[in-house]
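All of the numbers you see were taken from the coordinates with simple rules; none came from a lab. Predicted model only: the values in this text are computed from it and were never measured. Here the Cβ positions follow ideal geometry from the backbone for every residue, glycine too, while neighbour counts run over all protein chains shown.
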Amino acid sequence: PFIEAEMNVLSKRDFMTFTPVVFILIFIFVSLLLRNITLAVLCQVNLLVALVWAIGFFVMTGETLNMVTVVMGAVLLAIAVADSIHLLSRLSDQMRQPGMLFRDAVWSSMKHVWIPCLFTTLTTSVSFLSFLSGTVRPTKTLGIYTSIGIFFALILTMTLLPSMVLLFKKRVQPRSLPRHDARKTNGLLEYILTGSGKISTRHFILVPSVLLLIVVLSLFGMKQIKFETNTMNYLPESNNLRDDIRVIEDKLGGVIPFVFIIESNTAENDFTHPESLKMIDQVQQHLLEHIQQFSTSFSIADYMKEINRAFNAGDESYYRIPQHRIDIYDYLEIGDPEILDRIISPDYMETRLSFQSRWDSNETANELSDYIHSYLEDTLGDEYTFKITGLSSLYLHMEENLRVSQKRSFLIAFVIIFIMMLGITRNLKIALICMVPNLFPIVVTLGIMGWQNIPLDVSTIMIANVTIGIAIDDTIHFIVWFRRNMEKGMSHADAVLQTLKDVGKPVMITTVVLFMGFFVLMLGAINPTRAFGVLTAFSMLFALMGDLFILPSLIMIFKPSFGSFSPQSNK
């Protein structure tokens, strides 16, 4: 209970830190990008309304924050701003066109970005909704409400934001028409985009080869990934409660109860018989001797031995199981109900053995569980049945739930997103090509987790789904503009370079915003939240590498065509 209370305090503190910090960072970054305070403020107003709608709906449905859902505000802001950046970036380009009326520029920008923004919203929502297929409720809750919030953001970006831009036309338009060469302002971004485009189109064999080597190393790292379900290890190292737990682990035998329930199959072997109690005592002694993580234990056998000694003037020779069943009946009748009710059932058919344990790791706990199962099956035979319960059992079952949830939810997200990409491209080869750069950041991130001994837990199991759902967004923008350029008659190489000019800047900007939004979670006090934030932040950078290098290289290798159009030049 103390750990749960501490988690609640830390989660509330984290929420009050994450959301404002991300909001402020986005404002600073968008202001520097757009060089127009009015547009930056309008963008923030749009985000704020989306956030209020999402969190308000979350609270109205009776949900509460926990160590997983606490990231919803920061994650939603980081994802939602992407649509605004694409719209405003396109608007900035449109307003530079000679003779373009302001209202026409706004309308043209909306027409160009709403389709890719719609599909990016759908793919991101799918990645979060895929958590519903899992068995961990906090991730399911985060998935459904973040997905709803993302749709709120899309609706507002295509309605409220353009309306506000038109309303404040006089404050927006003059500052959005810079007289200086735009290349001086965005020189670094254009240099990076041009350089990556030339590398990908000229060295399209070398680039995938180098990245393939990284993938192979990452796969070896993935094999070493472990699971962590002990909530005590979620506390930060500096937390006072964690220090207290260490003292108990070192000095008082541990804080995790390892509990067995043993049930007699017949009344002839219930736990009023001396032979049954002796069997319980034998099991206790054997496990205490052979399992070093167990420090102490308690059962009905211990209680009977203590009462037997007490009724024989404290003679230590009577600290044993009573020899006669009638004595056991008498002791059960006069025993303390507060103790007996916890260790034996009213019909004497079930009894509870409790061991105090030091929790080493999930791997060790699984080995102990397998050993105990094997030993009890051999010892109890057909006369008794057993089950392991208590907090230790919860941790072990939770690991299995995490494992199943991750595989199932990611498979669902991948299949649905692939089908959507197939609908967007209307070409199987192109859809397959598009999925490769989006698997790259997931493999690399999971590989880093394995090499750095970062475990999968209730937060980090979401990394794969979140990454593919967000990373595919930039791929969609890239492929939509690439298709448009190909339909103009460009070669594959020219279309790649032009696409990077058309959409590369907002793609890089949204990646940086996403990186900042997730990296802010590093300020959290709960270890899984911090790990989720840092790893997902870097996975966004890996996804950008995929779109700048892997996707163009694969396009140059396979040279896909769109529809009936077949480019004349394949340089």
Isotropically averaged projected area of the range 309-423, using the convex hull of Cα atoms (one quarter of hull area), nm²: 12.6
Partners for K111 among aspartates and glutamates (Cα-Cα distance below 16 Å; same-chain residues under 8 apart left out): D83, D93, D502
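If eta is 1.306 mPa s and T is 10 °C, what Stokes-Einstein diffusion coefficient results for the range 379-534, Kirkwood Rh from Cα pairs, in µm²/s? Write down the numbers at each step before the final one.
Numbers: Rh = 18.6 Å.
My calculation gives 85 µm²/s for D.
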Principal-axis tilt of helix 37-60 within the chain, Cα atoms, nearest 10 degrees: 30
0 to 90° range, to nearest 10: angle between helix 274-290 axis and the chain longest Cα axis: 50
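Using only C-alpha atoms and all pairs of different ones, pull out the Kirkwood radius for the range 374-422 in Å with one decimal.
Values: mean 1/r = 0.0708 Å⁻¹.
Final number for the Kirkwood radius of the range 374-422 is 14.1 Å.
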Cut-off 14 Å (backbone N to label point 7 Å along Cα→Cβ of L212), residues of the range 461-475: none
Potential lengthening between V247 and W114 on full extension [0.36 nm per residue; Cα-Cα distance subtracted]: 42.1 nm
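Based on the alpha carbons, how large is the Rg to Rh ratio for the range 263-365 when Rh follows Kirkwood? Let's see the in-between values first.
On the way: Rg = 14.6 Å, Rh = 14.5 Å.
Rg/Rh for the range 263-365 comes to 1.00.
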The range 482-537 shape via C-alpha gyration tensor axes, a/c threshold 1.5: prolate
For the chain: relative contact order, % (alpha-carbon pairs under 8 angstrom, 6 or more apart): 24
Proximal charge balance of K488 [Cβ under 14 Å; K/R count +1, D/E count -1]: 0
Backbone HN-Hα couplings from phi across the range 3-19 [Karplus 6.51/-1.76/1.60, Hz, Gly and Pro as x]: 5, 4, 5, 5, 4, 5, 5, 5, 5, 4, 5, 5, 4, 6, 9, 4, 4
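If you average 1/r over every pair of different alpha-carbon atoms in the chain and take one over that average, what Kirkwood value in Å do you get?
Numbers: mean 1/r = 0.0367 Å⁻¹.
Value: 27.2 Å, from the Cα pair sum.
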Whole-number percent relative contact order across the range 356-513, with pairs defined as alpha carbons under 8 Å at least 6 apart: 18
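Nearest 500 deg cm²/dmol is fine: what mean residue ellipticity at 222 nm does the chain get from its DSSP H runs of n ≥ 4 alone, each adding -39,500 (n - 2.57), divided by its residue count? Don't jump to the answer; show the numbers that get you there.
Values: 21 runs with 396 residues, N = 571.
Result for the chain, helices only: -23500 deg cm²/dmol.
For V534 and M60, what does the FRET efficiency come to when R0 = 45 Å and r is the distance between their Cβ atoms, rounded to the nearest 0.05? Walk me through the numbers on the way to the answer.
Values: r = 32 Å, r/R0 = 0.71.
Efficiency computed from Cβ-Cβ geometry: 0.90.
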Farthest toward positive dipole pole in the chain [+1 Lys/Arg, -1 Asp/Glu at C-beta], among S238, Q498, T510: Q498
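Figure the gain on full extension for N233 and V41 (residue separation times 0.36 nm, minus the Cα-Cα span) and round it to one decimal in nm. Display every interim value, and only then the final one.
Working: separation 192, 0.36 × 192 = 69.12 nm, distance 4.11 nm.
Fully extending the segment from N233 to V41 adds 65.0 nm.
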With Cα atoms, 0 to 90° folded angle of helix 463-486 axis to the chain main axis: 20
Sorted peptide list for 545-554, 42-51, criterion being average Cβ within 10 angstrom, highest first: 545-554, 42-51
Ranked packing of 156-164, 313-321, 383-391, most packed first, by mean Cβ within 10 Å: 156-164, 383-391, 313-321
Förster-model FRET efficiency, 25 Å R0, K387 and R325, C-beta, rounded to 0.05: 0.45
Label-point gap, in nm, between L432 and S295 - each point 7 angstrom along Cα→Cβ: 5.8
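Quick one: Kirkwood hydrodynamic radius for the range 20-110, alpha-carbon pairs, angstrom, one decimal?
Working: mean 1/r = 0.0684 Å⁻¹.
For the range 20-110, inverting the mean 1/r across all distinct Cα pairs yields 14.6 Å.
Can you give the translational diffusion coefficient of the range 1-67 in µm²/s, computed by Stokes-Einstein from the Kirkwood radius over Cα pairs at 4 °C and 1.567 mPa s?
The diffusion coefficient I find is 94 µm²/s.
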Binned Cα-Cα distance frequencies in the range 395-439 - 10 Å width, integer %: 26, 38, 20, 13, 3
Cβ crowding within 10 Å averaged over residues, with 241-247, 13-19 ranked highest first: 13-19, 241-247
Partners for K278 among lysines (Cα-Cα distance below 18 Å; same-chain residues under 8 apart left out): K305
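Would you please classify the overall shape of the range 104-168 from the alpha carbon gyration tensor, given that a ≥ b ≥ c denote the square roots of the eigenvalues, rounded means a/c under 1.5, and beyond that prolate means a/b larger than b/c while oblate covers the rest? Don't skip to the answer; put the middle values down first.
Details: a/c = 7.13, a/b = 2.51, b/c = 2.84.
It comes out oblate by the Cα gyration axes.
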Distance in nm between pseudo-label sites at V9 and M100 (7 Å out along the Cβ direction from Cα): 5.5
